[in-house]
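The values are calculated or read from the model by the stated rules, or taken from the named source; none is laboratory data. Note that the structure is a prediction, hence the values are computed from the model and not measured. Here Cβ is always computed from backbone atoms with ideal geometry, including for glycine, and neighbour counts include all displayed protein chains.
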Amino acid sequence: MTEKLVTIFGGSGFIGRYLVRHLAAQGWRVRVAVRDVPKAWFLKPAGNLGQIALIPCSVTDPAGVAAAVEGADAVVNLVGIMNERGKRTFQAIHVDAATTVAKAAAAAGVKRLIHMSALGADPQSPSKYAVSKDAGEMAVRAAFPGATIIRPSVVFGTEDGFMNTLGWMAQVAPAIVFFTNTNPHAPQGGGSKFQPVYVGDVVEAMAQALTGEAHAGKIYELAGPKVYDMRALAHIVNKETGRRRMIWGLPYPVAEIAAMFLQFLPKPLLTPDQVKLLKLGNVATGRRPGLAVFGITPTTLEVVVPTYLKRFRGVQQTKKLRLQAR
């Protein structure tokens, strides 16, 4: 068993919990730096006794970050936000905090640094989120030239916030709504296109990047094997939840108006900046290497999604499926 130590920022999040389990299974000692330690206690059983350590740390605190990376062989920064709230702005988290982590890792003599960005990071994007992700990448590479940058597409898995939101919509609403710039009934009117990638494939690529010298200083676009528009995803959700919800395509101005009000919710379903991201879609450009470089065959959405969208089925649909299985 290797005695190498990895520090993970954001290890209690959706992708983080999978990475912690994966690296622990490979024999890494895992130090998880989180703002709220009690909320991350669920990670402790993912490893052997003493293998996973939880330490209180905010990525906005340089002293805390320096202490968190001290003695580590590798560092992974998964921290990111989808909407701004108070001091937690895109600049503060995606750029300033990412720079703090990269500089601390370099000063501590860390051998490997993985920085999770996002597919669509672009300095010319109309979205502040995408612009900040690009700025964060540049700052990280300036501070730690050997950093590996991971740009995943929309990530799906049991705890995701994408397919689960659509499943919840199918459960509580009379229709599943998507937005489009064209006639929603036309073949090309299915809304924005996405190339969802499985969380297990993402963490496997990260694990390989931690040990492979060839991945240092590279940028990777991680995307799934298929491209879907929003209408196609809505049909998948209807099928897997056993629902027959109407699927409505609405013009983007409706989304912009709705986002003006929804952004003030504690956990907003939509913000004006997210509407800009939706218009762009989320598909790999093909200009950067992807999962194939790691020898990973991308997992399809249809293989995994049925295992967790079933929670949104009605009681009668679930009973019917149980009877059919007998």
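Looking across the stretch 261-292, the residues that are among the polar types (S, T, N, Q) and surrounded by 13 or more Cβ atoms within 10 Å (Cβ to Cβ) come down to GLN263, THR271, GLN274, ASN282.
The residue of the stretch 170-185 that is nearest to the chain's Cα centre (by Cα), among those that are under 17 Å from LYS279 (Cα atoms) and assigned to a loop (DSSP other than H, G, I, E, B), is ASN181. Scanning the stretch 239-260 for residues that are under 25 Å from the mean Cα position of the chain (by Cα) and either among the hydrophobic types (A, V, I, L, M, F, W, C) or buried (at least 18 other Cβ atoms within 10 Å of the Cβ) (or both) yields GLU240, THR241, ALA255, ALA258, ALA259, MET260.
Of the listed requirements (1) more than 25 Å from PHE194 (Cα to Cα); (2) out of contact with any helix residue (DSSP H, G or I) (no Cβ under 7 Å at 6 or more places or on another chain), VAL75 misses just one: (2). All told, ASN77 meets the bar of being at pLDDT 95 or above and under 20 Å from the mean Cα position of the chain (by Cα).
Can you pull out the residues in the stretch 108-128 that are out of contact with any Asp or Glu (no Cβ under 8 Å at 6 or more places or on another chain) and not in a loop (DSSP other than H, G, I, E, B)? Across the stretch 108-128, the qualifying residues are LEU113, ILE114, MET116.
To keep it simple, each residue is scored yes or no on (1) touching a strand residue (DSSP E or B) at 6+ places or on another chain (Cβ under 7 Å); (2) within 26 Å of PHE162 (Cβ to Cβ); (3) surrounded by fewer than 17 Cβ atoms within 10 Å (Cβ to Cβ).
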| site | (1), (2), (3) |
| --- | --- |
| ARG17 | no, yes, no |
| TRP28 | yes, no, no |
| PRO62 | no, no, yes |
| VAL95 | no, yes, no |
| ALA107 | no, no, yes |
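Within the stretch 200-221, the residues that satisfy the criterion of being in contact (Cβ under 8 Å) with a residue 40 or more places away in the chain, surrounded by fewer than 22 Cβ atoms within 10 Å (Cβ to Cβ) and of a type in the set (A, V, I, L, M) are ALA207, ALA216, ILE219. Answer with yes or no whether GLY189 is surrounded by fewer than 23 Cβ atoms within 10 Å (Cβ to Cβ) and not polar (S, T, N, Q). So GLY189 fits the description; yes. Would the stretch 242-249 turn up any residue that is aromatic (Phe, Trp, Tyr), modelled with pLDDT under 95, more than 30 Å from LEU23 (Cα to Cα) and touching a strand residue (DSSP E or B) at 6+ places or on another chain (Cβ under 6 Å)? Taking every residue of the stretch 242-249 in turn, at least one turns out to be aromatic (Phe, Trp, Tyr), modelled with pLDDT under 95, more than 30 Å from LEU23 (Cα to Cα) and touching a strand residue (DSSP E or B) at 6+ places or on another chain (Cβ under 6 Å). When GLY190 is tested against (1) in the same structural domain as GLY10 (by TED's automatic domain parsing); (2) free of Cβ contacts under 8 Å to residues at least 60 places away in the same chain; (3) touching an Asp or Glu at 6+ places or on another chain (Cβ under 7 Å), exactly one condition is not met: (1). Remark: pairs (first residue in the stretch 234-250, closer than 18 Å to HIS185 by Cβ and in contact (Cβ under 8 Å) with a residue 60 or more places away in the chain; second residue surrounded by fewer than 18 Cβ atoms within 10 Å (Cβ to Cβ) and of a type in the set (A, V, I, L, M); Cβ separation under 8 Å; 6+ apart in sequence or on different chains) = ARG245/ALA173; ARG245/ALA175; MET246/ALA175; ILE247/ALA175; TRP248/ALA175. Using the structure shown, decide if GLY167 is modelled with pLDDT of 95 or more and not in a helix (DSSP H, G or I). Answer is no for this residue.
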